[in-house]
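The numbers here are math on the coordinates, done by the rules we state, and not lab data. Because the structure is predicted, anything quoted here is derived from the model rather than measured. Cβ atoms come from the backbone with ideal geometry, glycine included; neighbour counts cover every protein chain shown.
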Amino acid sequence: MNPALDSLPARPRVFVLSGAGISAESGIPTFRGVDGLWRGHRIESVATPEAFARDPLLVWRFYSERRDGARDREPNPAHRALARLEERIGERLFLCTQNVDPLHERAGSRRVAHMHGQLFESRCSDPGCTSAPYIDEATYAHREDLPRCAACGALARPHICWFGEVPFELDAIVNALEACDVCLVVGTSGVVQPAASFASSAAAAGALTIYVGPEEPGNADVFAAIVRGPAAQALPPLLETLAER
Ligand code: OAD
């Protein structure tokens, strides 16, 4: 197995960050794999509060397509291996994902920090409104059908962390990074902050850092080991070794 793992203590605390690459083999395209473009728009110019204020229908069309694209997707062996790891090591695993798809939960993971939100949830777009996010699997194609907050009547928006917004669950994530013995990053290009600096934070706190994916990420230099390969093949044996320590 990976010799880097020999340096770990018994019963290590494991932090996992997953990105779009973990869902690629389930048929959900990665962001940068398609040039970061959607119908000629840069993703960064659709996934912002300003874009929603300017053209909510355009933004809802983008997320409606994401909802349709994720609706019937099945988790792959990488998602399932993470769910099994949670069953085996319980609280010693902290699973954090940049993905908004529900494939970790469909595989059986129970505790997932969705730092960029969840595709099948919506919430009020008025930051002053106290209503909670709610499950919403619908798609919206016409301005007059756009959803509205049941409490205050403002437009509802996808429950997603857009560019320029603060990711969810950051306090819990920072605590878990400081406490972990190994930080395993899977299928992310390592260019979107703050997630791109999680591995260096974990390394600064003394953790072993490992990346799993077919290509080197943008922040490759912060990893002690890089396991090259698609997540569905490369991740399960690595997690099996971790569970046995
Ligand atoms: P990217 O699309 O930037 O990167 C996907 C990564 O997955 C690439 O590094 C690929 O090499 C890798 N990959 C491809 N196939 C894989 C496989 N079978 N197994 C493992 N890895 C594979 O996606 P992210 O880094 O997740 O933010 O993107 C980060 C954020 O940027 C997203 O969460 C999203 C986006 O804008 C928001 O929507 C807020």
How big is the stretch 1-135 on each of its three principal axes, counting only the C-alpha atoms and giving the largest first in Å?
53, 37, 27
Listed peptides 4-10, 19-25, 134-140, 119-125 by packing density, highest first (mean Cβ within 10 Å)
19-25, 119-125, 134-140, 4-10
Check which residues have an amide H placed less than 5 Å from Leu208's amide H, if you skip close sequence neighbours.
Val182, Cys183
The summed charge of the Thr209 Cβ neighbourhood (under 12 Å; Lys/Arg +1, Asp/Glu -1) stands at -2
At 20 Å minimum axial length over the Cα atoms and a Kyte-Doolittle cut of -1.0, report the qualifying DSSP H helices in the chain, or say none.
56-71
What do you get when you divide the Cα radius of gyration of the chain by 2.2 N^0.38 Å, with N the number of residues?
1.03
Debye, to nearest 20: dipole size of the stretch 125-175, +1 on Lys, Arg Cβ, -1 on Asp, Glu Cβ
140
